[in-house]
Amino acid sequence: MLCEVCREEGAAILTGVQIVLAGGDARQLEVIRQLTEKDASLTIVGFDRLDTSFSGAAKGEWLPELLIEADALILPAVGTDDEGIIPALFTDAELRLTDAHVAALPKASKVISGMAKPYLRKLCEKHRIELVELFERDDVAIYNSIPTAEGALMMAIQNTDITIHGSNCIVLGLGRTGFTMARTLQALGAKVKVGVRRDEMFARAFEMGFEPFYMSDLARQAGNIDLIFNTIPTMIITAQVIAQLPQRACIIDLASKPGGTDFRFAEKRGIKAHLAPGLPGIVAPKTAGRIIANSLTQVILGDNRLRGNQP
């Protein structure tokens with residue numbers, strides 16, 4: 001396996017690498033294209049509703065035998081649900097990852113998804129197959145923060161009657177997505193407050209020209225806010241916070257489900273609140289696919305220094 005791995009002019013070549021890609025959405029179309037261009041031996045499952053012919057990729061049937069010689073099994077961004085169902089936008093057939101599928105994988109292979117729920121983790125642990133969650137990688141998260149910020153801006157424009165320029169905004173969390181979100185708003189002329197928990201993040205936000213505050217002070221900061229962008233996946237925009245927001249305010253929650261907002265109370269108060277995880281795949285699937293494909297190549301080759309095809 002991995003019988004030939006070449007690099008030419010910084011580009012990774014996957015000649016001889018056996019990859020099975022199962023299910024997914026529009027992002028996977030770009031992943032397929034990128035992997036075939038790198039000369040991977042690619043078999044795809046869950047794309048029978050598409051008339052598109054994928055040059056260099058073979059369509060397969062979702063049976064354990066398909067995985068016997070695979071170097072990598074690529075799953076969609078969310079991996080599987082709690083019952084093992086693989087999300088597959090382009091087929092009417094049910095794709096379920098079973099114990100038999102994972103057992104068929106060679107021990108040196110990898111299962112790669114954006115994230116993994118306990119069902120997928122337990123299967124991989126049981127059969128001692130390496131599981132890679134791409135969205136846990138710093139590089140992927142930072143690249144994804146770009147279409148996330150653009151998508152959040154689109155939602156903000158659609159749900160307000162004011163310009164971003166001059167608006168009063170709060171960004172909660174100054175992590176990989178929060179940094180990009182706050183900087184993008186600032187570049188458009190918004191007045192940006194940033195909620196943080198740690199002293200070093202307070203200092204960094206101040207240095208970058210934002211107005212930092214500690215999360216414990218969020219309710220007091222909410223009084224004259226037009227837009228709140230949350231990146232924290234725990235309940236942070238509580239009923240007490242929402243009660244202080246003006247009626248015009250709009251909440252855009254970018255955290256993974258169930259988000260960090262009391263959506264029930266927001267609706268009761270007539271405050272617009274939107275849970276918007278997975279924006280890269282919605283607003284920019286081609287770019288999101290390139291990000292995934294580039295990271296996939298790094299993972300498969302086992303070389304974190306490879307940066308040949310950055311998005």
Which order, highest average first, do 191-204, 253-266 follow once you tally other Cβ atoms within 10 Å for each residue and take the mean per peptide? 253-266, 191-204
With Cα atoms, 0 to 90° folded angle of helix 176-187 axis to the chain main axis: 50 degrees
For the chain, the per residue accessible area (1.4 Å probe, Å²) is 47 Å²
What lysines does K191 reach when the alpha-carbon gap must be under 29 Å and sequence neighbours fewer than 8 apart in one chain are set aside? K257, K268, K272
Please give every one of the aspartates and glutamates within straight-line cross-link reach of K126, meaning a C-alpha to C-alpha distance under 12 Å, and leave out same-chain neighbours fewer than 8 residues apart. D99
Around P147: net Lys/Arg minus Asp/Glu count, Cβ-Cβ under 12 Å: +2
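Rounded to the nearest 20 Debye, what is the dipole magnitude of the chain about its Cα centre when Lys and Arg each give +1 and Asp and Glu each give -1 at the C-beta?
Numbers: 33 positive and 37 negative charges, 199 e Å.
About 960 debye.
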Charge dipole of the range 140-277 about the Cα centre (unit charges at C-beta), most positive-ward option of G189, L153, G270: G270
What is the range 10-88's relative contact order, in percent, from Cα pairs under 8 angstrom and six or more apart in sequence? 39 percent
Could you sort R290, R269, R220 by accessible area so the largest value comes first, with the probe set to 1.4 Å? R220, R290, R269
From the square roots a ≥ b ≥ c of the eigenvalues of the alpha-carbon gyration tensor of the range 140-277, which class results: rounded (a/c under 1.5), prolate (a/b over b/c), or oblate? rounded
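Kindly identify the range 63-119 as rounded, prolate or oblate by the Cα gyration tensor criterion: order the square roots of the eigenvalues as a ≥ b ≥ c, call it rounded if a/c is under 1.5, otherwise compare a/b with b/c, prolate if a/b is larger, else oblate.
On the way: a/c = 1.67, a/b = 1.37, b/c = 1.22.
Judged from the Cα gyration tensor, the range 63-119 comes out prolate (a/c at least 1.5, a/b above b/c).
Can you tell me which of 12-19, 53-60 comes out highest on packing, and rank the rest after it, using the mean Cβ neighbours within 10 Å?
Values: 12-19: 20.6, 53-60: 13.1.
Sorting 12-19, 53-60 by mean packing, highest first, produces 12-19, 53-60.
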For the range 144-216 and the range 65-120, distance of Cα centres in Å: 36 Å
Please name whichever of I162, Y143, G223 sits farthest to the positive end of the charge dipole of the range 140-277, dipole taken about the Cα centre and charges placed at Cβ: Lys and Arg +1, Asp and Glu -1. G223
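Return a whole-number percent for the relative contact order of the chain, with Cα pairs under 8 Å and 6 or more residues apart as the contact set. Please report the intermediate quantities before stating the final value.
Details: 646 pairs, mean separation 48.1, N = 311.
It rounds to 15 percent for the chain.
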Can you give the accessible area of L66 in Å² (nearest 10), computed on protein heavy atoms with a 1.4 Å probe? 50 Å²
Is the C-alpha gyration tensor of the chain telling us rounded, prolate or oblate? Criteria: a/c under 1.5 is rounded; beyond that, a/b larger than b/c is prolate, otherwise oblate. prolate
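Return the carbon/sulfur percentage of the accessible area of the chain, one whole number, probe 1.4 Å, all protein chains in place.
Details: 7430 of 14630 Å².
Taking all protein chains in place, the chain shows 51 percent carbon and sulfur surface.
The values are calculated or read from the model by the stated rules, or taken from the named source; none is laboratory data. Model, not experiment: these values are computed from the prediction. Please note: Cβ atoms are built from the backbone with ideal geometry, for glycine as well, and neighbour counts cover all protein chains shown. Ligands, DNA and RNA are stripped out before the accessible areas are found, and what is left, the full protein with its side chains, is counted by its heavy atoms. Shrake-Rupley method; radii C 1.70, N 1.55, O 1.52, S 1.80 Å.
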